[in-house]
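Chemist: My questions will all concern the structure given below.
The values are calculated or read from the model by the stated rules, or taken from the named source; none is laboratory data. Everything numeric here is computed off the predicted structure, so don't read it as measured data. Here the Cβ positions follow ideal geometry from the backbone for every residue, glycine too, while neighbour counts run over all protein chains shown. Please note that ligands, DNA and RNA were not included when accessible areas were found on the heavy atoms of the full protein model with its side chains. Shrake-Rupley method; radii C 1.70, N 1.55, O 1.52, S 1.80 Å.
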Amino acid sequence: MKSIKPIAFYLPQYHRVPENDEWWGEGFTDWMAVKAAERYADNQYQPREPLNDNYYDLAQKESMQWQADLACEYGVGGFCMYHYYFKDGRKILEKPLENFLRWTDIDIPFCLCWANETWARTWSNLYHNTPWAEKFEKRNDKGQTILLEQSYGGKEEWEKHFEYLLPFFCDSRYIKVDNKPVFLFYRPDDITQLDGMVQLWSELLCQKGFNGLYAIGVNIPVKKSGLDAILYHAVWAYTRPDITGMALKKEYYGEVSAYDYQEAWDNVIKAQEAEGIKTYFGGFVDQDETPRRGKKGWYLIDATPQKFEKNLYDLAIKNLSMGNEFLFIDAWNEWGEGNYLEPDKKFEYQYLSAVKNVVEKCNMNELDIANEWKKIKKRRGVSDNDTEKMILKKELNKYQSYYKIFDRWLSLKEEGRTVDKYFKDYNYKKVLIYGYASTGIHFCKELRKTSVQIVGAMDRRQGLLSRDLPIFGLSDPMPDCDVIVVTLAADFEIIMNDLRKKTDKPIVSMEEVLFY
């Protein structure tokens, strides 16, 4: 039987960096928002204060040593540390991780989660008056709102990023699965060439004696090429019907919104696996975004260590029943979002004790995991085959994908850019369109304004005709082309696998072309 290993997400924010001094004011760290937090409702737990006023500095070794020792004492099996890497290799908040790499005597397993999203001022209270916003949140003299831009480039940029990551992967403390370093992508859908990036990194890792990369995508509802697994992470994953097939009722207390803690956990336990890919189900300690976002933030109602322990145990059994040894927990130290295992003045070590109790219960030799999960499912009303929820998830995913495509397409047109850059850079001159419904027809019209030659369209529907374009069925011979573009927003993986049986030509999604 596999043993459960809690992995807590770890925020390396708590130290001064020049960028934060410039953007928010001299001396800024996340502690500033924590100390200035307001209580907006009677059922809200604010302010939150670390036990013994331990407003630590992660630039100091003793802080990270204390965290590691505390985590190990209470059964936390490792940290999943956020990694910030932006356009042109720009890094930020990297010092705690780099120091940790040097401080080899701090003995706790770890892995990295690439927080691959553009940094802007939207995460904070720029337009909402909180006590610290006026002092720390001012635009610079250029009026800039984007702070660090995220982009991915091509093979050269991927190799440079890999070179930076390699020392972490090679560290004996780094968490691995089958000799593959575990690496999480926070926004995998934003990386249109994720498959190519992961393949390259895996090849480079094999040259170093590993078996490749173990890639986990965070909070995507469907399988994506290049990933070994999906993680449903943090409470907001379980508020999304496209992930769980279930909504979560939002309550309002004055100007602030909230969700019920237990109802959110009910969604965690009832959520189903993503189709066709290994799925990890992550848990959470608590959540309160108002220190960062003011009245635009939301919080959870009635979180307690006792509820956390009961729910975490059920979730651990659920993961073990699926062969998942990792139990991802959000978070170790997200103080600015009210979500932390570290001791505070109200609950002291109770949340940590809950983790320790769960680990001890789950890792007893005599525990029958399959039978225990069967009991939990019956008690909590978990269904193995909820067809309505699966249909809802698929429909939501499809229309969200179409929204994303057309939003990007319209943005390109507003900027006066054409859609042929991808084809030019890859030297694709002859294009076959797969899917000749509304989206495919519009895309063909757009491509005709460029130098790209459309050799035809392929569609599974029989008898389609077009006045100015040959239409091919799935059973027809494949026309000569350089690349096939799939215009359907849903089922790309299935379509690609079907086409692979007919041709060895490159097959790409319309999303990859537009977001290139």
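Chemist: Note the full-extension length gain between Q60 and K295 as 0.36 nm times their separation in residues minus their Cα-Cα distance, in nm to one decimal.
Modeler: Roughly 81.2 nm would be gained on extension.
Chemist: Sticking with this structure for a sec: Label points 7 Å out from Cα along the Cβ direction at L464 and R379: separation in nm?
Modeler: 5.2 nm
Chemist: Report the full-extension gain for the segment M322 to Y516: residue separation times 0.36 nm, less the Cα-Cα distance, to one decimal in nm. Can you show the working numbers first?
Modeler: Details: separation 194, 0.36 × 194 = 69.84 nm, distance 3.63 nm.
Length difference between fully extended and current span is 66.2 nm.
Chemist: Right, something else. Note the listed values [x] 0.96; [y] 1.03; [z] 1.19, then indicate which one is Cα Rg over 2.2 N^0.38 Å calculated from this particular structure.
Modeler: [y]
Chemist: Label points 7 Å out from Cα along the Cβ direction at D480 and T418: separation in nm?
Modeler: 2.3 nm
Chemist: If you count, for each residue, the other Cβ atoms within 10 Å and average over each peptide, how do 396-403, 478-485 line up from highest to lowest?
Modeler: Numbers: 396-403: 15.6, 478-485: 18.4.
Descending packing order for the listed peptides: 478-485, 396-403.
Chemist: Over segment 204-283, with every protein chain in place, what whole percent of the accessible area is carbon and sulfur at 1.4 Å, could you tell me?
Modeler: Numbers: 1210 of 2760 Å².
Answer for segment 204-283: carbon and sulfur cover 44 percent of the accessible area.
Chemist: In nm, to one decimal, how far is the modelled label at Q350 from the one at D107, with both set 7 Å along Cα→Cβ?
Modeler: That separation, rounded to one decimal, is 3.3 nm.
Chemist: M364 to D171: FRET efficiency via 1/(1 + (r/R0)^6), r the Cβ-Cβ distance, R0 25 Å, to the nearest 0.05?
Modeler: Efficiency at R0 = 25 Å is approximately 0.20.
Chemist: Then there is this: Which residues' amide hydrogens lie under 5 Å from the amide hydrogen of I301, considering only partners 5 or more residues apart or on another chain, with H built in the peptide plane?
Modeler: Y259, D260, Y261
Chemist: Shifting gears a bit: Quick one: accessible surface of T304, probe radius 1.4 Å, all protein chains present, in square angstrom to the nearest 10.
Modeler: 40 Å²
Chemist: Work out how far the C-alpha atoms of segment 1-113 reach from end to end along every principal axis, then list the three figures in whole Å, largest first.
Modeler: Ordered largest first, segment 1-113 gives principal extents of 46, 43, 26 Å.
Chemist: Turning to a different aspect of this structure: Provide the gained length on full extension for the span N179 to E493, in nm with one decimal, where the gain is 0.36 nm per separating residue minus the Cα-Cα distance.
Modeler: Between N179 and E493, full extension yields 110.4 nm more.
Chemist: Could you tell me what % of all Cα pairs in segment 253-369 have separations over 24 Å? Mind showing how you got there, number by number?
Modeler: On the way: 2070 of 6786 pairs.
Everything past 24 Å amounts to 31 percent.
Chemist: If you count only protein heavy atoms with a 1.4 Å probe, what accessible area per residue comes out for segment 23-111, rounded to a whole Å²?
Modeler: 42 Å²
Chemist: Which whole-Hz couplings ³J(HN,Hα) result when phi for each residue of segment 227-238 is put into the Karplus expression 6.51 cos²θ - 1.76 cosθ + 1.60, θ = phi - 60°, listed in order with x for Gly and Pro?
Modeler: Each residue of segment 227-238 in turn: 9, 8, 7, 10, 10, 7, 10, 6, 5, 5, 4, 8 Hz.
Chemist: Moving on. For N333, what residues show an amide H to amide H distance below 5 Å, using hydrogens built from the backbone and excluding near sequence neighbours?
Modeler: Here the answer is L11, L341, since their amide H atoms fall under 5 Å of that of N333.
Chemist: Next up: If r is the Cβ-Cβ distance from A437 to R187 and R0 is 25 Å, what FRET efficiency results, to the nearest 0.05?
Modeler: Efficiency, rounded to the nearest 0.05: 0.35.
Chemist: OK, next. Given a Förster radius of 35 Å and the C-beta distance between R500 and K35 as r, what FRET efficiency does 1/(1 + (r/R0)^6) yield to the nearest 0.05?
Modeler: Details: r = 56 Å, r/R0 = 1.60.
Efficiency computed from Cβ-Cβ geometry: 0.05.
Chemist: Within segment 179-255, report the GluC sites (Glu not before Pro) that DSSP leaves as loop and that have at most 14 other Cβ atoms within 10 Å.
Modeler: The qualifying sites are E255.
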